[in-house]
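A quick write-up on the structure given underneath.
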Amino acid sequence: MDAARTGGRFIVRIEDTDQARLVPGAVEAILSSLRWLGLDWDEGPDVGGPHAPYIQSERRELYQEAADRLVESGAAYLCDCSPVRLDEVRKRQEALKLPPGYDGHCRRRDPEELSAARRAGAAVVVRMKVPPAGEVTFVDLVRGKVRFSWATISDFVILKSDGFPTYHLAVVVDDHAMQISHVMRAEEWIASTPRHILIHENLGYTLPTMVHLPLLLAPDRSKLSKRHGATSVTEFRDEGCLPEALFNFLALMGWSPGDDREVMTREEIVEAFWLARIKDSPAIFDRQKLEWMNGVYIRKLAPRQLAERLAPFLERHQGGLPPAITPLDLDYLEKVVPLIQDRLKGLAEAAPLIDFMYVDEVSVKLEELVQKGVTAESASTALTRSMEILRGVEPFDHESLDRRFRALAEELGLKTGQLFGALRVAITGKVVAPPLFETMAILGRDRCVARVEKALDLMTRAAVQP
RNA sequence: GCCCCGGUCGUCUAGCGGUCCAGGACGUCAGCCCUUCAAGCUGAAGAUCACGGGUUCGAAUCCCGUCCGGGGCACCA
C-alpha cells in the first residue's frame, strides 16, 4: 500500500534458503493468495523484472561472494563446530544461567586450518564477528529509536554448510541488489536488525528504512500460528470471504486512517495510508468483526455480481447444492439472491439457505407444521384454504399472495405468524427461511401447490392413524 | 535467564499537554420494524486511559519505576 501510494515498486521475492523446509507447491500457494487479495506486484518470480531472479535459491553465488568478501576483510570467519559441540555449549550455558549463544571457539582458531578443512569437504559455516561490546542504534519508522547492546548478540551464521545463506545474509545482499528502500516486516524481526546492520556496514551498503509492523495475535494473545489453528488466506477464501473485505479488514489491523472511516475501498485505503500512522502495539485478530465487514461487502454487491460469486460455492461438492443442479442457471440464481443477500456473512453459507429452491420435494416435520396455539384441525383447514388461494390467485406474485394470505389469516382468526409459519414449513421444509411470498413467487404456482398438497397429505395420514 | 517492543471499553481503534468525568466500530443487551431469520433504525451497558511516583497551573498524552503481555536469543525464516 505504501508502494502504491508513493509510486514505488512492490517486489515479491521468494526466500527459500532453508532446503530442509521446502514444501512443494508452497510458492504457488503464496503467490495465488496474494493475487486473490488483490496485492499485485511489479516485480516477482512469475512476472520477472530488472532484478531477476527473484528466488533466493537461484541467487546463491551472490551470497557466497558476499560471504567470501566478509571473510577476506576479517568481518567474518569460518567455523567447523559440530552440532553436537554447539549443543553442549548451549547446555553448559543453560546450566550456568548464561544467555545462549555461540562461544566464539573458531574465531580464535587458525583460519588457514579451517579453510583447508573446507577445501577438504568438511562441514564448515561462515560466522559474522559481532563486536564484543558497545551498542547499535537505528531508527524504526513505527517505533522510533531502538537500541541494542552487541554483548547480547553472539557470532551468528551467515552461510550454512550446505552453501546456502541464512536469512540474515540473503536479505541484506538482496535488499541492496534490488535497491529496496523500505524494509517492512513483522515485529518478530526487530531483534535481528542489529545483525543486518552489521552485515550492511561490513559490505559497505547503506541501511534501508526499517519498519517493524505490530504482530497479529491469536485470541489467546500469543503469536498467530498454525499451532493455534491460524487460518490461512486460502481458508478465508473457502469460507466465502470476499477478498476486498479481507483486504479492508487487514488494512485496519494496526493502522487507521485517523478518522472514523472503517469500510473503505482499496483506493481510499491506498490514498489514506501512511506508515507513520501504524500502531506499535500488537492486535488480536477479531473474526466476528471480519464477518460483519464481509457481510457489509456482500450487501453492497449487485444481485448479478453476488450470483456470480456464489455460483462456485453452490456448485461445489462439499457444502454446495444438490449435484443435479449443475451447471447453475445464473438468471434464476439472480432472482433468488436478493432473498438471502442480507442474511449472508460468508458465501459458503448460501447453500443451506436456498437448497429448498433446487429440489423437487422438501421433507416436512409434522410437528413444525402445526404452529404454537393452533390445533391440528385448524392448521389443516388453513392449508386447505391456502390451496385454493395458490390455485386461483392472479397474478402469482409477491403482492397478490401477500394480500390474499393476509385476508385469509384474518378470516380464520389466525395470527399472520401462525398461518405464514405453517406455509413456510410446507413450502420450504424449514422453520427459518427467506421471506415467504417472494420465495413463493420465484418457486412458481405449480411447485407451491405440490408442496402444500404434500403437507396436507402428511397431516391427513397422521390424523387417521394417531 | 538475558535482550527488545508494547499496555485506552471483551475486541479493533481515535486521541500527540487544556476542547476527553475519553470519541467511533465489532460484539453484547433492550426497543422499534416485522411472516421466521437476517438486515435496518433507536437506545443502553461497557475504559478509575495497567499500577505507583514525578514534571506541569493542567497528563490518557512528557519522565522514572513496578507489574503484566508479547517477541527474540538456531547451520528457521
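Using a 1.4 angstrom probe and counting only protein chains, how large is the accessible area of A:R447 in Å², to 10?
80 Å²
Could you order A:K454, A:K415 so the one with the most accessible surface comes first? Probe is 1.4 Å.
The residues order as A:K415, A:K454, largest area first.
Sort A:T265, A:T428 from largest to smallest accessible area, using a 1.4 Å probe on the heavy atoms of the protein chains.
A:T265, A:T428
Using only protein heavy atoms and a 1.4 Å probe, report how much of A:E112 is accessible, in Å² to the nearest 10.
Solvent-accessible area, nearest 10 Å²: 120 Å².
More than 12 angstrom separation, counting every C-alpha pair in region A:1-56; what % is that?
70 percent
Using +1 on the beta carbon of Lys and Arg, -1 on that of Asp and Glu, and nothing else charged, what's the dipole of chain A about the Cα centre, debye to 20?
In total the dipole reaches around 1200 debye.
In nm, to one decimal, how far is the modelled label at A:A463 from the one at A:V27, with both set 7 Å along Cα→Cβ?
Label at A:A463, label at A:V27, 7.3 nm between them.
Could you work out the percent of alpha carbon pairs in region A:67-122 separated by over 12 Å, rounded to a whole number?
70 percent
Positive end of the dipole of chain A, charges at C-beta (+1 Lys, Arg; -1 Asp, Glu), about the Cα centre: which of A:A95, A:F285, A:L458 has its Cα farthest in that direction?
Most positive-ward Cα: A:A95.
For helix A:193-203, report the angle its Cα long axis makes with the longest principal axis of the Cα atoms of chain A; keep it between 0 and 90° and round to the nearest 10°.
Roughly 50 degrees between the two axes.
Hey, what angle do you get for helix A:60-72 against the long axis of chain A, alpha-carbon based, 0 to 90 degrees rounded to 10?
Value to nearest ten degrees: 30.
So if I place +1 on the C-beta of Lys and Arg and -1 on the C-beta of Asp and Glu, and nothing else carries charge, what would the dipole magnitude of region A:115-230 be about its Cα centre? I want it in debye, nearest 20.
Dipole about the Cα centre, nearest 20: 280 debye.
Against the globular-protein guess of 2.2 N^0.38 Å, express the Cα radius of gyration of region A:226-295 as a ratio, rounded to two decimals.
Normalised by 2.2 N^0.38 Å, the Cα Rg of region A:226-295 equals 1.15.
With n ≥ 4 as the cut-off for DSSP H runs, can you work out [θ] at 222 nm for chain A, using -39500 (n - 2.57) per run divided by the number of residues, rounded to the nearest 500?
Only helices count here, giving -14000 deg cm²/dmol.
Quick check on chain A: of the DSSP beta bridges with both residues there, what percent are antiparallel, nearest 5%?
If I count the DSSP bridges inside chain A, around 60 percent turn out antiparallel.
Round to the nearest 10 and report in Å² the accessible area of A:T209, as given by a 1.4 Å probe over the protein chains' heavy atoms.
50 Å²
Take the Cα atoms of region A:385-466, find their three principal axes, and give me the spread along each one in whole Å, biggest first.
39, 27, 26
Would you mind working out the magnitude of the charge dipole of region A:345-466 relative to its Cα centre, with +1 at each Lys and Arg C-beta and -1 at each Asp and Glu C-beta, to the nearest 20 Debye?
220 debye
If the convex hull of the alpha-carbon atoms of region A:311-383 is projected onto planes in all directions, what is the mean projected area in square nanometres?
Averaged projected area of region A:311-383's Cα convex hull equals 6.6 nm².
Given a Förster radius of 22 Å and the C-beta distance between A:D18 and A:T209 as r, what FRET efficiency does 1/(1 + (r/R0)^6) yield to the nearest 0.05?
It comes out at approximately 0.25.
Using only the alpha carbons of region A:1-139, determine the length spanned along each of the three principal axes and report them from longest to shortest in whole angstroms.
Largest first, region A:1-139 extends 51, 37, 31 Å along its Cα principal axes.
What is the extension gain from A:D259 to A:Q93, computed as 0.36 nm multiplied by their sequence separation minus the C-alpha to C-alpha distance, in nm to one decimal?
54.6 nm
Cα convex hull of region A:37-107: mean projected area in nm², to one decimal?
8.8 nm²
Tally Lys and Arg at +1 and Asp and Glu at -1 over the other residues with C-beta under 15 Å from the C-beta of A:K97: what net charge comes out?
Net charge around A:K97: +2.
Can you tell me the accessible area per residue over chain A, all protein chains present, probe 1.4 angstrom, in square angstrom?
Counting only protein heavy atoms, the per-residue value for chain A is 53 Å².
What part of the accessible area of region A:302-355, given as a whole %, is carbon or sulfur when the probe is 1.4 angstrom?
Of all accessible area on region A:302-355, carbon and sulfur atoms account for 54 percent.
Convex hull over the alpha-carbon atoms of chain A: what's its volume per residue in Å³?
It comes to 227 Å³ per residue, whole-number rounded.
Ordering A:K160, A:K279 from largest to smallest accessible area (1.4 angstrom probe), what's the sequence?
Ranked from most to least accessible, the order is A:K279, A:K160.
Any idea what the alpha-carbon Rg over 2.2 N^0.38 Å comes to for region A:364-432?
1.03
Which distance in nm do the two modelled labels at A:K300 and A:I55 give, with both placed 7 Å along the Cα-to-Cβ direction?
Distance between label points: 3.7 nm.
What part of the accessible area of region A:366-464, given as a whole %, is carbon or sulfur when the probe is 1.4 angstrom?
So the carbon and sulfur contribution to the accessible surface is 54 percent.
Of A:F437, A:G373, A:C448, which is farthest on the positive side of the dipole of region A:366-464, counting Cα position, with +1 on Lys and Arg Cβ, -1 on Asp and Glu Cβ, and the Cα centre as origin?
Of the candidates, A:G373 comes out farthest on the positive side.
The values are calculated or read from the model by the stated rules, or taken from the named source; none is laboratory data. Remember, it's a predicted structure, so these values are computed and weren't measured experimentally. Using ideal geometry, Cβ is built from the backbone for each residue, glycine included, and neighbour counts are taken over all protein chains shown. Accessible surface is based on the protein model in full, side chains and every heavy atom, while ligands, DNA and RNA are left aside. Shrake-Rupley method; radii C 1.70, N 1.55, O 1.52, S 1.80 Å.
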